[in-house]
Amino acid sequence: MNGSLLAGLVAAAAFGVVAVVLSRRNVPQDAPLADRVEGPAASAGDLVAEIDVEGMFRWASPSHVDVVGYLPRALCGGDASLLVHPEDREGLRRAVLSQGETGPDLEIEYRFRHRDGYYLQLESRFRALESESGRPAGFVVTSRDVTERRRTEDVLELLHETGKRALEREPADRALRYVCEELSRRIDAPLVWIGIKRPGGTVRLLAASGGSRSLLEAFELRWDEPFESLPLPCRALATGEVQVAEGLDGIPERYRALSRECGVGAVAACPLTRSGEVLGVLAVHAGSVAAIRGRSLSLLGQLADLVALALVEAEQRDAVEVRTAALESTANAVLILDPDGMILWTNAAFETLTGYPRGEVEGRPMSFLESDLHPPAFWDCLRETLSLGNVWRGEVFSRRKDRSVYVEQQTITPVRREDGSIRCFVAVRQDVTREQRARDRLRHLADHDLLTDLPNRQRIDAGIERLVSRAGRGTHAALLLADIDSFKLVNDAGGHLAGDRILVETARLLQSALRPGDELGRMGGNEFAVLLESADAEAARAAAERLRRTIEDHRFEVSGDRFDLSLTVGVGAVDGSLAAGEVLALTDAAVQAGKERGGNRVVVGEPSLLRGSSLNRASTWVARVRMPSGPTGSSFTFSRSCISPRSARSITRSFSG
């Protein structure tokens, strides 16, 4: 096929896909045009034209004025190929070559430029006209405008693809960019963009496409300015209603000239809404009114609904991802349980805490994590609390997968639906083993001696009270007070470090000489106490003697120095006849009596010791001091004399009484 014939074919095809079936028989070139076109070729809305082998119009039907805007006389003699979209010319050329000179009628679809500058989608069918010599002499082409149909199909296809991408949970930025790019391409719009409404009257641009981005840059994207000055997309944001400009006259004057320069002939702005709330806008700056009219505008509204849905789902998905990431990264173990207590989800910290991978626990009841370190009633109480929809908090002794024990602080919280029913439970677990040990250590230090780790004076006093209370119910006991004799000599000879070591060793020796259940404590200094449960006077004396002999028989050695020490032990019966303070005073008096007799002995406390003890004598003396006597009401008379520099020795003190 020669170049002139090809050019003619390109020009003919520019009129669109044929809507009329033409006969495939050859018709002489000089036959009337009405004879060359069969059937309803000249029906309303169809374009009929004859083009020569050079691609020049010979004849065009009057319908060209209504469809493409050209008068027939303006087309005749003109080059038809110049009206074909540049991107479609090569495809048309290849189609012509594939048909051959004598092949069947050619059917093709492409874009044809309207007189106003935008492009229409035409479908055409044409056939070659043969001359008497049998060679092609030109073409008869019948065309129909299918722009709106194709645009509708394209937008429907875009709707389908957008919905598919939303279901596939494609990232919002990618999905919105795809919508803008495809919509701009499919309807040949100079500019398509999507923005969201922001507080303070601003608009955030999410995606845009088209060759007229400069128009978008010129917009003052605010929705809180006076209505008349707002671009149509911002009006849609302000009102929540679709805004349409069918022609440049509907565009605000400040943007009209630039819109014309960018090839914009109409604008449609569809608000993106959710439950009546305006989220953003889908703005289409089209080349022609046809792109946003009728069915096309309705489809744009549907597309805007899909975009709004994508935004909402993306927002919700982001919120879920943020919360999930927060739960994943938290240092505490987190579990999500269904209403029946089945484990639905765990975070990474759970595996770190318990040693159980997710795959081993998800889908299993939480009860399988319950340890044997609590009685069944503990777990029953926990489950009952949850069944009532209440929050449960507490410390739990648990076992890891490797069976090691740890202490966890656990909080289980019900998550409710709007109707109040329980959707799930969230359990948060924190390893508090170290904290528990620290608390236990503090409690231990509160009632134990720091040096010997024996119960201290406070705990011994409480123990005496306990023994006295039991004695009142018929269970007799005894109190022993043991004092190391001449312990000051140890401190003087070896220092306090040696004294501390001997105290620790003494505590060990005394503990070894006691029965299981007897409680040994340190009262302070070099004095120890023993609480004997269920011990009569004879058993108490025997126990005291055993303690004394244990110390007497032992040779203490500290840093090469040897010490022979002894112990004085006082025995106080706890039979319910004396209060706790009196028992302690009686036993201490026994110790003092033993010390006065030389030490290294056991003395049983008797009431007479209290009357004859040094403590008792001191108390009596204090009482005498306080007793009124003489005319001044005091048993003391105080005299003084002045001290002068000459006679510093002339100090005289005299006491009478």
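The values are calculated or read from the model by the stated rules, or taken from the named source; none is laboratory data. From a predicted model like this one, the values you see are computed outputs, not experimental measurements. Glycine also receives a Cβ, built like all others from the backbone with ideal geometry; neighbour counts cover every protein chain displayed. Side chains included, ligands, DNA and RNA excluded: accessible areas come from the protein's heavy atoms. Shrake-Rupley method; radii C 1.70, N 1.55, O 1.52, S 1.80 Å.
The residues of the stretch 470-595 expose on average 44 square angstrom of accessible surface per residue, using a 1.4 Å probe on protein heavy atoms.
First compute the accessible area of the stretch 347-494 with a 1.4 Å probe, then give the percent of it belonging to carbon and sulfur atoms. Each step should come with its number before you reach the end.
Values: 4200 of 8280 Å².
About 51 percent, which is the carbon plus sulfur part of the accessible surface.
Per residue, the accessible area of the stretch 185-311 comes to 42 Å², computed with a 1.4 Å probe over protein heavy atoms only. In whole Å, what is the distance between the alpha-carbon centres of the stretch 265-305 and the stretch 186-262? When both Cα centres are located, 12 Å separates them.
Bridgeable aspartates and glutamates around Lys401 (alpha carbons under 20 Å apart, same-chain partners fewer than 8 residues away excluded): Glu351, Glu360, Glu362, Glu370, Asp372, Asp431.
Note on the stretch 121-215: Kirkwood hydrodynamic radius from all Cα pairs is 16.7 Å, rounded to one decimal.
What accessible area per residue, rounded to a whole number of Å², is obtained for the stretch 104-170 using a probe radius of 1.4 Å?
Working: 3240 Å² over 67 residues.
I get 48 Å² per residue for this part.
Take 375-386, 463-474 and order them by the average number of nearby Cβ atoms within 10 Å per residue, most first; the result is 463-474, 375-386. For the peptides 344-354, 330-340, 281-291, the ranking by packing is 281-291, 344-354, 330-340, with the highest mean count of neighbouring Cβ atoms within 10 Å listed first. Here the stretch 168-318 has 44 percent of its accessible surface on carbon and sulfur atoms, given a 1.4 Å probe and all protein chains in place.
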